[in-house]
1. Does Glu278 satisfy the condition of being charged (D, E, K, R), open to solvent by 10 Å² or more (accessible area, probe 1.4 Å), over 18 Å from Thr398 (Cα atoms) and outside any strand (DSSP E or B)?
2. If only one of Ser145, Ser175, Ser187 is over 30 Å from Val276 (Cα atoms), among the hydroxyl-bearing types (Ser, Thr, Tyr), modelled with pLDDT of 75 or more and open to solvent by less than 90 Å² (accessible area, probe 1.4 Å), which one is it?
3. Any idea which residue in region 18-47 is surrounded by the most Cβ atoms within 10 Å (Cβ to Cβ), counting only those that are in contact (Cβ under 8 Å) with a residue 60 or more places away in the chain and touching a helix residue (DSSP H, G or I) at 6+ places or on another chain (Cβ under 7 Å)?
4. Every residue in region 41-66 that is within 48 Å of the chain's Cα centre (by Cα) and at pLDDT 70 or above, please.
5. Of all the residues that make up region 192-216, how many are touching a helix residue (DSSP H, G or I) at 6+ places or on another chain (Cβ under 9 Å) and at pLDDT 75 or above?
6. Return the residues of region 217-246 that are modelled with pLDDT of 75 or more and among the small types (Gly, Ala, Ser); say none if nothing qualifies.
7. Any residue in region 199-209 that is more than 17 Å from Arg227 (Cα to Cα) and open to solvent by less than 40 Å² (accessible area, probe 1.4 Å)?
8. Kindly check whether there is at least one residue in region 300-310 that is closer than 23 Å to Arg357 by Cα, in contact (Cβ under 8 Å) with a residue 12 or more places away in the chain and surrounded by 24 or more Cβ atoms within 10 Å (Cβ to Cβ).
Amino acid sequence: MPRIQVLLDGTQLTPNISECLQQLNAELQVLPLQTPVRTHETGDIDARLVITHDAQTLTNGRLKHLLAWVDCNPCATLVVSQTPLSTNPKPTLGLGNRAIDFVSDHSLDDLAGRLSAMCGLRKSFDALRGELEALKRHDEELMGSLRQLQEELRLAGLIQRDLFRSNAGEIEGASVHILHRPAGEVSGDVHVVQRLDSSRVAVTVADATGHGLSAALLSVFIQRALRESMRPHHDSKHRSPAETLADLNREILAAELEECHFLTAVYAIYDEDTRVLEFARGGAPYPILARSGRPWQPILCKGPMLGVSDDAVFESVRLELEPGDLFLIHTDGMDTLTPTPTNPILSENRDEPSWLRELLSGPIDRRLFALEQRLQSQVGNHPRSDDVTILALQVAATALVNNFPRNPRPTRVEQPASL
């Protein structure tokens, strides 16, 4: 026996509709349309019949009452108007995908056929509602898993930042400033500042291909390998920057990673006693030297990406820094802050990028802080596609050193025959 709910919008059951319902041998539940919805009192129904004097009045003024019934107990619903329907009686907004139809002129057989077909849809409604509830539960489970993953990534980012913490202590006559903003919770960029001996400090900035979790895992491997390379060898001598990058290149290749993971890096050693900085570069953007009263310049240095070829050769360059000099190393994530389509730092003939002009416009610590604040304000509005890292080593303006001839040009320590 079908169970049909009849909602009366200020009307009564007409003889024609009563006869139709008797033909269907339906169990009726008759209520005023304005009655507050109480599902536990109405129970399950197979179809709903709404009888109104004027369907246009219903859709314009009391549609919310109908939708409350439909949403509380979804089933096929037929609105019967006792006056002829206008050209477009259905509401243009609000029905959504609800199974609601409108009719005025109807015969007994037509109405009986409609109601019978509507009752037959009940099983389909129940199946769809069950699937919807299952999808909601699945969505809640996915959201729970996502929140757990986000928390794990947040903790991984904290651990990663702890691993990258500098252990160089104070640097006599110089200072190191670092800006590091991952594109997500974890980063593929690596920055290491480590004291080698009583007078020398090593600084490194490296960038694993990509970003996210895979790049972050590779960055931890790189950080460990770098610190190992910074230790004295059996002859108690530290490796040169070029030798260190060559060691790191062999480490990456020896790991035989299934995915093709490459690395770009700049590794430099600064001597506090002489203010000599020696560095090597592997595929990274060229370091920048900013000297008071002179235009900034990229320090050109040959060297391929790491993890590509086992016969890679790296060049070391030696700079004799002066008081106030600023030596900048950065990853290619800085390109996302530059409006030009290509990296303007790779050639001495390119225009100065906006981020570099901003950094050189005042004290480096303040300008890095301002840049970091700007990056922070962009979170959510302009998501970055890559990690951003800048390491700035600045010689104090009043630094004292031994007297020795000043060479304003970089000195090539090692020049490979081919790369």
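The values are calculated or read from the model by the stated rules, or taken from the named source; none is laboratory data. This one's a predicted model, so the numbers in the text were calculated from it and none came from an experiment. So basically every Cβ, Gly included, is an ideal-geometry build from the backbone, and we count neighbours across all protein chains shown. Surface accessibility is based on the protein's heavy atoms, side chains included, excluding ligands, DNA and RNA. Shrake-Rupley method; radii C 1.70, N 1.55, O 1.52, S 1.80 Å.
1. Working: charged (D, E, K, R): yes; open to solvent by 10 Å² or more (accessible area, probe 1.4 Å): yes; over 18 Å from Thr398 (Cα atoms): yes; outside any strand (DSSP E or B): no.
Taking the combined requirement at face value, the residue does not satisfy it.
2. Of Ser145, Ser175, Ser187, the one residue that is over 30 Å from Val276 (Cα atoms), among the hydroxyl-bearing types (Ser, Thr, Tyr), modelled with pLDDT of 75 or more and open to solvent by less than 90 Å² (accessible area, probe 1.4 Å) is Ser145.
3. Top of the filtered list is Ala47.
4. Gly43, Asp44, Ile45, Asp46, Ala47, Arg48, Leu58, Arg62, Leu63, Lys64, His65, Leu66, listed by residue number.
5. Residues in region 192-216 being touching a helix residue (DSSP H, G or I) at 6+ places or on another chain (Cβ under 9 Å) and at pLDDT 75 or above: 8 in total.
6. Ala225, Ser240, Ala242, Ala246
7. Yes, region 199-209 contains a residue that is more than 17 Å from Arg227 (Cα to Cα) and open to solvent by less than 40 Å² (accessible area, probe 1.4 Å).
8. no
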